[in-house]
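Reading through the structure tokens given below for one structure.
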Amino acid sequence: AIIKSEQSSKDTLLAAQLIIKDVEEFLKSGSGSFDLEFAKKYSAIRKVSKGQWNSNLESKFADFKSYVYANEDFQKYSKDQKNKREAEFNATLENNRQQLTDLTESLKTWLQTNLIHEKADDVYDQVAASEKTLEGNDLQEIQQTIIKAGNLANALNLTQETLSVDTTQKAEMKINEAAYNSFDASGK
């Protein structure tokens, strides 16, 4: 139970730090402002940015949070930032899922033609582990699995150059698509 509360305390601190970062960016970007009372409330929770967190800071932060969220401009700004972070996270997740899927496919292809190779057992285990990881959406786990699968693929000389023709064609299509999209309606 201690570990659980330690993790939730870390998550709470991280969430608080994100709000503070949004408040600072909100002010720097000129998206809005607060009244003079802000200075006092901000200085009371300044230590949170540096990773300090205790029950005293937690109650001061709760006060700070309700104060900044009373500002409609900040509410809107904060929501936009949250949506931007979510979109970035989802793009990274999707990109990493695709990377792991491609690696797993090339390991499977290798396995089909090398069933009696001394590394076949390791490759089989890695393919199984990769497929299990791909059932979830844990970005950290996906990234760690990419590293393991990538190391194995490199050890077998399945580097990007030797990947299937299909992967190369996909890459070429992406380049053509990018070139096509860079032309505007006038054909320039």
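The values are calculated or read from the model by the stated rules, or taken from the named source; none is laboratory data. For clarity, every value in this text was computed on a predicted model and none was experimentally measured. Virtual Cβ from ideal backbone geometry, glycine too; neighbours counted across all protein chains shown. Side chains included, ligands, DNA and RNA excluded: accessible areas come from the protein's heavy atoms. Shrake-Rupley method; radii C 1.70, N 1.55, O 1.52, S 1.80 Å.
Calculate, axis by axis, the spread of Cα positions in region 40-154 along the three principal axes, and write the results as whole Å, longest axis first.
Largest to smallest, the principal-axis extents are 70, 29, 20 Å.
Say the cut-off is 25 Å between C-alpha atoms; which of LYS21/LYS132; LYS47/LYS82; LYS82/LYS148 go over it?
LYS21/LYS132; LYS82/LYS148
Would you work out the charge dipole size for region 34-124 about its Cα centre, treating the Cβ of every Lys and Arg as +1 and the Cβ of every Asp and Glu as -1, and quote it to the nearest 20 debye?
Rounded to the nearest 20 debye, it is 600 debye.
Ignoring any ligand, DNA or RNA, what whole percent of the accessible area of region 1-117 comes from carbon and sulfur when the probe is 1.4 angstrom?
So the carbon and sulfur contribution to the accessible surface is 53 percent.
At 25 °C and a viscosity of 0.890 mPa s, what translational diffusion coefficient does Stokes-Einstein give for region 93-152, taking Rh as the Kirkwood radius over Cα pairs? Give it in µm²/s as a whole number.
215 µm²/s
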